Amino acid sequence: MTRPFLFLASRPEDEVADDEYESLLRFGDLREADLVRVRMETGPFEVDLDRFAGVLLGGSPFTASIPHTRKSTNQRRVEAELEPILEEVLDRDLPFLGICYGVGSMGIVAGGVVDSTYREDTGPVTITLTDAGRADDVARTLPARFEAFVGHTEAFLKAPPRSQVLASAPTCPVQLVRLRRNVYITQFHPEMSNSSLATRIRAYRHHGYFKPEDADRLIDETAGVDVEAVHALLPAWVEHARRAVGD
């Protein structure tokens with residue numbers, strides 16, 4: 001029997017949370033039964049990783065690299081419960097795709113250095129595959145150069161030891177990495193469409209990613225940006241994950 005994937009989410013805004021989940025289903029070519037969602041921000045959680053073919057970790061308003069004392073009680077709880085799951089994923093080399101918040105969570109667990117040096121404003125960036133990316137089973141499904149949406153206050157200053165940097169951009173040198181054979185972390189958003197970005201811009205108008213008065217302008221300017229190519233990453237990762245676990 002084919003096992004589902006686990007989606008670990010932490011967005012408290014229902015509209016954004018549901019849009020993120022629906023986007024992963026759509027672009028990953030998955031049914032709801034294929035992607036079990038756990039909304040970590042709603043309360044304590046435990047997972048049995050043996051039930052799943054792999055793990056997706058979605059974006060988050062949490063910033064992992066800020067001092068512990070500045071984190072909310074809920075963020076500290078989520079991180080305390082998430083960390084052993086990520087450690088097990090890494091120890092087992094279980095298929096994993098961490099999107100944006102994956103940098104601050106799995107990236108730190110894996111020994112990377114994460115801070116605000118390479119924060120990127122909300123909007124599109126041009127990303128280039130490295131030589132390692134062009135040879136990678138998952139990343140090579142992307143064009144050598146492609147547009148993707150970003151928007152984050154933390155990023156890798158230094159990728160984790162023994163990781164492969166698969167994609168880069170001038171504004172943020174580490175955009176996609178692979179750890180071992182099956183653990184992927186992406187700074188850009190492979191699940192985000194133009195409409196999804198507009199939803200997040202409206203929801204996060206006052207979260208510090210951009211000036212609140214710029215929200216409407218950002219929505220207008222990004223409405224026609226072609227990010228279709230980046231969506232190829234999700235089905236490629238799903239196929240890689242199923243092969244890796246023999247499902």
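Read-outs throughout are calculated quantities, based only on the coordinates presented, and are distinct from any laboratory measurement. Just so it is clear, the structure is predicted and the values come from calculations on it, not from any experiment. In this analysis, Cβ positions are derived from the backbone assuming ideal geometry, glycine residues included, and neighbour counts consider all displayed protein chains.
Extension gain for the segment R51 to D29, taken as residue separation times 0.36 nm less the Cα-Cα distance, is 5.9 nm to one decimal.
Take the Cα of R70, step 7 Å toward its Cβ, do the same at R181, and the gap between the two points is 4.0 nm. Normalising by residue count, segment 108-247 has a Cα convex hull of 114 Å³ per residue.
Near R37, the amide H atoms lying under 5 Å from its own belong to F7; only residues 5 or more places off or on other chains count, and H is placed 1.01 Å from N.
Between R243 and T42, the C-beta separation translates, for a Förster distance of 35 Å, into a calculated FRET efficiency of about 0.60.
Under the classification rounded if a/c is under 1.5, otherwise prolate if a/b is larger than b/c and oblate if not, where does segment 59-163 fall, given a ≥ b ≥ c as square roots of the Cα gyration tensor eigenvalues? Oblate, since a/c reaches 1.5 and b/c is not below a/b.
Listed peptides 218-226, 155-163, 172-180 appear in the order 172-180, 155-163, 218-226 once ranked by packing, highest mean of other Cβ atoms within 10 Å at the front. The alpha carbon convex hull volume per residue for the chain rounds to 113 Å³. Annotation: the residues I127, I66, sorted from fewest to most other C-beta atoms within 10 Å of their own C-beta, follow the order I66, I127. How large is the helix-only mean residue ellipticity at 222 nm for the chain, computed as the sum of -39500 (n - 2.57) over DSSP H runs with n ≥ 4, divided by its residue count, in deg cm²/dmol to the nearest 500? Rounded to the nearest 500, it is -10000 deg cm²/dmol.
How many percent of Cα pairs in segment 46-99 exceed 17 Å? That tail contains 41 percent of the Cα-Cα pairs. Between R92 and R202, the FRET efficiency from the beta-carbon distance, with R0 = 35 Å, is close to 0.35. Looking at segment 1-70, what % of the alpha carbon pairs are farther apart than 17 Å? Above the 17 Å cut-off, segment 1-70 has 47 percent of its Cα pairs. Set Lys and Arg Cβ to +1 and Asp and Glu Cβ to -1, take the dipole of the chain about its Cα centre, and tell me which of P84, Q187, V55 lies farthest positive. Farthest towards the positive pole: P84.
Ratio of Rg to Rh for segment 102-146: 1.04 [Cα atoms; Kirkwood radius as inverse mean 1/r over pairs].
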